[in-house]
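The next block holds one structure in the form of structure tokens; read it before the comments.
The values are calculated or read from the model by the stated rules, or taken from the named source; none is laboratory data. The model shown is predicted, which means the values in this text are computed figures rather than measured ones. Cβ coordinates were reconstructed from backbone atoms using ideal geometry, including for glycine residues, and neighbour counts include every protein chain displayed. Ligands, DNA and RNA are excluded from the accessible area calculation, which covers all protein heavy atoms including side chains. Shrake-Rupley method; radii C 1.70, N 1.55, O 1.52, S 1.80 Å.
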Amino acid sequence: MALRPVLIVIGAGMLAGLCSFWSMSVTAGPVNEPVAHPLKATEPDTFKTRILPFLDKYCLSCHNEDKASAGLVLSGYTSEAHARKNRKDWAAAQHVLAAGEMPPKKKPQPSKEDKEFFINWVENTLTRVNCDPSTVKDPGRVTIRRLNRSEYNNTIRDLCGVDFKPAEDFPADDVGYGFDNIGDVLSFQPILLEKYMAAADKVLAEALNTPELIASFKSPFRPSNPSLRAIPRSAKREDLKPKQMLFRSEGSAFLEKFNFPVEADYVIRFRGWGTKIGEEYPQAVIRIDGKDVKAFTVEAAQDKPQIYEVRAKFPAGDKRIAVAFTNSFEDKEKKQAREFGLDMLEVEGPINPVTPPDSPSVALLLVSRPGATTQANAAAEKVLTEFARRAFRRPVKSDEVARLMKLFELATKQGEPFEKAIRLPMKAVLVSPHFLYRVEADPKNPDDIRTIDDFEFATRLSYFLWSSMPDEELFRIAQKGELRKPAILEAQVKRMLKDPKAKGLSENFAGQWLQLRNLRTIAPDKGYYPEWDEALRTAMEREAVAYFEHIVQSDRSVLEFLDSDYAFVNARLARHYGIPNVSGIEFRQVKLPDNRRGGIVTLASTLTVTSNPTRTSPVKRGKWILENVLGTPPPPPAPDVPELPPTGELKGTLRQQMEQHRANPSCATCHAKLDPLGFGLENFDGIGGWRTEDNKQAIDSSGVLPGGEKFAGPAELRKVLLTKSELFRRCLAEKLLTFSLGRGLEYYDRCALDDIVSAGKAGEDRFSAYVLGIVKSDPFQKRKGKRSE
């Protein structure tokens with residue numbers, strides 16, 4: 001979509017501009033890989049003469065609008081063009097036919113010729129993609145994307161240098177295709193306008209928090225003031241009018257704590273007098289925090305006290321200020337004592353205060369300030385040009401800067417100082433669609449394909465790996481037009497994956513792929529799991545993140561997601577896992593003492609989010625593996641299948657109880673896929689602890705998959721999953737590509753997926769190889785003017 005470079009500032013016009021900015025639509029989801037068949041020429045009107053009769057005979061009794069078995073409706077289609085608009089449904093029908101899963105065994109079966117004709121027709125008429133390198137590929141079209149809450153927080157952090165999360169107060173983002181960064185579902189609610197305006201104020205107040213100039217003051221303290229104390233206490237004389245301090249022995253008048261607000265010169269003074277005894281006048285010393293600053297000989301008479309003072313530079317902070325009498329003397333023959341009297345202690349300052357260094361956020365944002373050689377307007381223009389460039393993630397145009405400068409001038413005319421006036425145009429930047437949305441230009445011809453420019457490419461790259469804006473190194477390379485050079489791109493990807501900001505990939509990709517966010521809302525029943533507590537919940541989440549980050553930042557093989565011989569634990573999680581000799585709250589990598597665990601399938605977080613509050617759920621666990629490991633999600637359950645009875649009513653193991661589902665013909669096909677995978681994990685209870693019995697009976701954790709693969713227990717299950725590594729590679733590539741693009745995948749993405757998987761395998765399955773395959777792909781580097789059917 002082409003977006004006019006208009007800066008929406010404040011008021012109702014902004015609401016109208018933002019709300020009409022883009023209309024959202026929902027696209028079809030990812031499709032399953034079709035089975036390849038030799039191409040056959042289709043006869044005229046094949047859809048009506050061959051396809052519709054096939055559907056009517058073998059499919060429509062279950063997959064009609066009334067019954068919609070497995071959520072699939074194949075009725076109502078009138079033409080090939082009509083069918084092409086719902087390729088997802090036809091690809092699903094193609095998949096189950098090719099796999100021999102449909103029609104059900106007790107239903108009429110098509111001939112081999114009719115079955116192959118139908119599969120071939122779907123493949124070559126509806127979902128065929130020519131992956132020949134010489135052909136122009138459809139890169140798809142990404143709906144203009146609003147920053148989601150996580151991206152907004154991270155971008156504010158990197159743009160403004162403040163690390164708090166203003167988007168925590170925003171409405172929750174919708175999820176599509178498993179992720180909350182999908183352009184089609186990131187709608188703009190009117191309440192967001194208010195939230196963005198309020199957040200911008202808070203962000204700028206925090207980021208531009210420059211200290212106010214403190215005017216010089218005088219703070220006198222007299223003996224009647226309780227803050228001015230004396231040692232010995234008897235020196236504070238109540239009988240003297242006015243109340244005074246009179247020392248006949250060594251002692252001091254002091255302020256226990258006096259705050260010096262900034263580093264500066266201060267004058268410390270006292271008014272006092274003394275009596276000369278033994279050829280000497282009293283000696284008084286001004287001390288700060290116990291250190292002598294200056295000593296005085298007090299020669300003034302009591303009826304004519306004098307001021308004694310010292311000026312010196314002191315750092316900011318609380319100080320102990322004292323005036324000490326140091327040379328007491330008593331003439332025993334004359335029965336006289338040398339006396340020191342004080343009737344006031346005063347602090348004056350700050351004088352010539354030292355300007356404190358700018359905070360990191362102020363230094364980041366205020367790249368210029370008015371001074372002896374810089375006019376305010378020139379400084380503002382430099383600040384706003386730089387700020388808008390980084391916020392819009394591209395070079396800014398002169399007319400954009402001119403509009404921002406009008407806001408600055410408006411604020412200065414109202415008497416605001418520079419540091420306050422600059423906030424108004426900065427706020428306009430933070431509520432601009434150029435900041436809130438990731439804007440990419442469309443080709444002039446909607447049917448054309450455009451390679452995105454280097455700034456758009458850098459933005460896609462940074463929000464993929466960091467969930468945040470590009471840094472200055474990416475901006476610099478984009479400015480030179482060198483980001484696509486193979487060596488430079490590879491170096492940047494590896495740098496970014498090792499950067500601490502890659503935590504964004506852990507929190508947002510892994511957090512949703514592994515469903516770690518669900519850990520925050522589940523509530524296992526403490527009657528069944530008394531060891532469950534907040535510390536265990538937190539440990540589970542941190543383990544999964546640490547495991548993912550280890551593979552990413554160490555550039556390990558992605559197949560270690562399926563099985564490994566290590567875990568990341570602290571003392572709390574180690575105790576839960578039965579791993580000895582681990583102490584403390586810090587997480588560390590440990591070698592697993594046995595083969596019970598390994599990989600993402602046996603993480604406590606995975607096992608917990610796929611359980612019910614009072615028991616395990618083999619169905620949920622099997623479904624999780626099919627969706628997140630093998631990329632072959634099952635259809636939705638039939639609506640008329642009853643739930644299992646409450647845990648207290650169960651007899652025998654959960655596995656035995658679930659046979660009722662397997663006995664139902666409408667459930668048998670799906671449960672043949674789901675149940676064995678879940679049963680293989682039955683040695684883990686509802687919060688991922690190891691067990692050998694269920695309901696006081698031995699657990700049977702063996703299984704047989706539809707393809708005939710057999711296993712007994714979680715260790716053998718993981719080995720079976722490794723034999724399906726090709727499915728996992730494609731599943732991971734699909735999810736990474738979906739997350740990186742912010743859209744659901746279409747049939748025309750198949751060629752790119754093939755290339756990404758091939759690149760990953762060629763790169764020894766290292767995580768970076770898959771990322772490089774994605775960022776080099778056409779869908780990531782290009783965009784089409786309009787969405788294909």
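Some notes on this structure:
- The residue that is surrounded by the most Cβ atoms within 10 Å (Cβ to Cβ), counting only those in the range 514-546 that are among the aliphatic types (A, V, I, L, M) and outside any helix (DSSP H, G or I), is Leu514.
- Residue selected from the range 256-289 under the condition open to solvent by less than 60 Å² (accessible area, probe 1.4 Å) and free of Cβ contacts under 8 Å to residues at least 60 places away in the same chain, by the criterion nearest to Glu346 (Cα to Cα): Ile286
- The criterion of at least 2 residues that are over 25 Å from Asp499 (Cα atoms) and either out of contact with any helix residue (DSSP H, G or I) (no Cβ under 6 Å at 6 or more places or on another chain) or open to solvent by 50 Å² or more (accessible area, probe 1.4 Å) (or both) is met by the following helices (runs of 4 or more DSSP H) wholly inside the range 110-222: 112-121, 190-207.
- Within the range 93-109, the set of residues being open to solvent by 50 Å² or more (accessible area, probe 1.4 Å) and part of a helix (DSSP H, G or I) comprises just one member, His95.
- Filter pass, Lys319 being of a type outside the set (A, V, I, L, M, F, W, C), open to solvent by less than 60 Å² (accessible area, probe 1.4 Å) and farther than 16 Å from Trp273 by Cα: yes
- Exactly one residue among Val354, Val362 is part of a helix (DSSP H, G or I), touching a residue at least 24 places away in the same chain (Cβ under 8 Å) and either within 40 Å of the chain's Cα centre (by Cα) or surrounded by 13 or more Cβ atoms within 10 Å (Cβ to Cβ) (or both), and that residue is Val362.
- Consider the range 749-768 and keep the residues that are of a type outside the set (Asp, Glu) and surrounded by 23 or more Cβ atoms within 10 Å (Cβ to Cβ). The one that is nearest to Gly183 (Cα to Cα) is Ala752.
- Look at the range 557-586: where a residue is over 19 Å from Trp532 (Cα atoms) and among the hydroxyl-bearing types (Ser, Thr, Tyr) and a partner is in a loop (DSSP other than H, G, I, E, B) and modelled with pLDDT of 95 or more, sitting 6+ places away or on another chain with Cβ atoms under 7 Å, you get Ser557/Glu764; Ser557/Asp765; Ser564/Gly598; Ser564/Gly599; Tyr566/Leu592.
- Residues satisfying the stated conditions in the range 47-92, i.e. under 15 Å from Lys107 (Cβ atoms) and either open to solvent by 60 Å² or more (accessible area, probe 1.4 Å) or in a helix (DSSP H, G or I) (or both): Phe54, Leu55, Asp56, Lys57, Tyr58, Ser61, Lys67, Ser69, Ala70
- Ala235, sole failed condition from (1) open to solvent by less than 10 Å² (accessible area, probe 1.4 Å); (2) modelled with pLDDT of 95 or more: (2)
- Within the range 496-507, the set of residues being charged (D, E, K, R) and open to solvent by less than 40 Å² (accessible area, probe 1.4 Å) comprises just one member, Asp499.
- For the range 436-458, a residue qualifies if it is of a type in the set (D, E, K, R) and under 27 Å from Leu192 (Cα atoms), and the qualifying residues are Arg438, Glu440, Asp442, Glu456.
- Residues of the range 367-379 classified as under 39 Å from the mean Cα position of the chain (by Cα), farther than 27 Å from Ser216 by Cα and in a loop (DSSP other than H, G, I, E, B), total: 2
- One residue from Ala372, Ala337 being among the small types (Gly, Ala, Ser) and touching a residue at least 60 places away in the same chain (Cβ under 8 Å): Ala337
- Of everything listed in (1) surrounded by fewer than 13 Cβ atoms within 10 Å (Cβ to Cβ); (2) part of a strand (DSSP E or B), the single unmet condition for Lys334 is (2).
- Positions within the range 756-774 being on the phi < 0 side of the Ramachandran plot and either free of Cβ contacts under 8 Å to residues at least 60 places away in the same chain or not in a helix (DSSP H, G or I) (or both), in sequence order: Ile756, Val757, Ser758, Ala759, Lys761, Ala762, Gly763, Arg766, Ala769, Gly773
- Residue match in the range 337-349 (condition: surrounded by fewer than 17 Cβ atoms within 10 Å (Cβ to Cβ), at pLDDT below 95 and within 30 Å of Phe258 (Cα to Cα)): no
- Residue selection: Ile321 fails the criterion of being without any contact (Cβ under 8 Å) to a residue 40 or more places away in the chain and closer than 30 Å to Asn352 by Cα.
- Residue list for the range 547-564, filter: within 18 Å of Leu607 (Cα to Cα) and either surrounded by fewer than 18 Cβ atoms within 10 Å (Cβ to Cβ) or aromatic (Phe, Trp, Tyr) (or both): Tyr547, Phe548, Phe561
- Answer residue from the range 698-723, given it is open to solvent by 50 Å² or more (accessible area, probe 1.4 Å) and at pLDDT below 90 and is nearest to Ser617 (Cα to Cα) among those: Pro706
- Residue, surrounded by the most Cβ atoms within 10 Å (Cβ to Cβ), within the range 441-495, restricted to residues that are modelled with pLDDT of 95 or more, assigned to a loop (DSSP other than H, G, I, E, B) and polar (S, T, N, Q): Ser467
- Members of the range 377-422 that are of a type in the set (A, V, I, L, M) and either open to solvent by 40 Å² or more (accessible area, probe 1.4 Å) or at pLDDT below 95 (or both): Ala378, Ala402, Leu410
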